[in-house]
Amino acid sequence: MLKNRSENFIREIQPSEEMITLCDYFLEWFHNNNEIHYPGTIGADGHTDPTVKISTDFNLKNTTDPKVLFKYTKYLTQIHRMVDNYLGEVTLPLEGYKLRAGQGGANLQWYKPGEGFFQWHSERSPGSHFNDRWLVFMTYLDTPTEGGGTEFFYQDTVIKAEKGKTVLWPSEYTHAHRGQVCPHDHKHILTGWLYPHK
C-alpha cells in the first residue's frame, strides 16, 4: 500500500551527458536521412488523422544501420536503468517480471511549428497489443523556447521540455496527456513503451 497519497506515478529524469550526446546523434541522423520519414500515425491500426496528430516519424526498431542500432541499444540501456529505479520507488504487481522495451520500439517524432498530438489520449487500450503496455518512456531531444512540454489531464501537471530529459509514466487512462504545441520552434521526442518480460 502506498504511504504517499500524493503520488502521481510520473517521474522526470534529468539529462546526463551521455543522454544529451545520444539526442544529438539521433537528431543529426534523422535529418540526414529524409527517405526514412513517414507521417505520424495513431491507433492500433496505424492510421493518420491530422485533426488528432501531425508529425513526421521513424521507429528506431526498423533501422538496419549497425551504428544506429548500437546507439539505440545504448539508449535503451539507459531507459531500462531508469525503469528499474522507478520500480524501486513504485510497487507494481509484476510477479517476477521486469519491464523492458519490446515490440513497440522507440518512435522518433518530429513536430514542426504548429504541429502536435492535439488530443488527450493514453497509451493503453483493450483489444490490441497496446493492452500489454505498462509504462511509457519519452525523451525530449531538444529544448523549445516556448511550448513543447507534456500536459497530464488528471494530475493537472505540465512537464517542461528539456533536451535529454526523460519522463516515465503509466500507460493507463489515469494518465491521459497531450503534447504542448510549439508556435515557433521544432520539437523532437523519442518515445516508446515498457512491456513485462521474464
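Miscellaneous remarks
- Shape class of the stretch 32-182 from the alpha-carbon gyration tensor: rounded, with the ratio a/c of largest to smallest axis under 1.5.
- Among the listed pairs K112/K160; K98/K165; K98/K163; K53/K98; K71/K165; K53/K74, those with a Cα-Cα distance over 20 Å are K98/K165; K98/K163; K53/K98; K53/K74.
- Counting beta carbons within 10 Å around each of S6, S171 and listing the fewest first gives the order S6, S171.
- Computed P(r) (all Cα pairs; the stretch 75-118; 5 Å bins; percent): 5, 15, 21, 16, 14, 13, 10, 5, 1
- ³J(HN,Hα) computed for each position of the stretch 151-165 - Karplus, 6.51 cos²θ - 1.76 cosθ + 1.60, integer Hz, glycine/proline x: 9, 10, 5, 6, 7, 6, 10, 10, 8, 6, 6, 8, 3, x, 6
- Pair-distance profile P(r), taking every C-alpha pair of the stretch 118-190, with 5 angstrom steps and integer %: 3, 17, 25, 24, 17, 9, 3, 1
- Kirkwood-based Rg to Rh ratio, the stretch 141-183, C-alpha trace: 0.98
- Kirkwood Rh, angstrom, the stretch 6-70 [1 / mean 1/r, Cα pairs]: 14.6
- Taking the alpha carbon gyration tensor of the stretch 97-145, multiplying each eigenvalue by 5 and rooting it gives semi-axes of 25, 15, 9 Å, largest first.
- Enclosed volume per residue, in Å³, of the convex hull spanned by Cα atoms of the stretch 1-120: 169
Every number here is computed from the coordinates shown, using simple stated rules; none is lab data. Computed from a predicted structure; not experimentally measured. Neighbour counts are summed over all protein chains in view; Cβ atoms, including those assigned to glycine, are modelled from backbone coordinates with ideal geometry.
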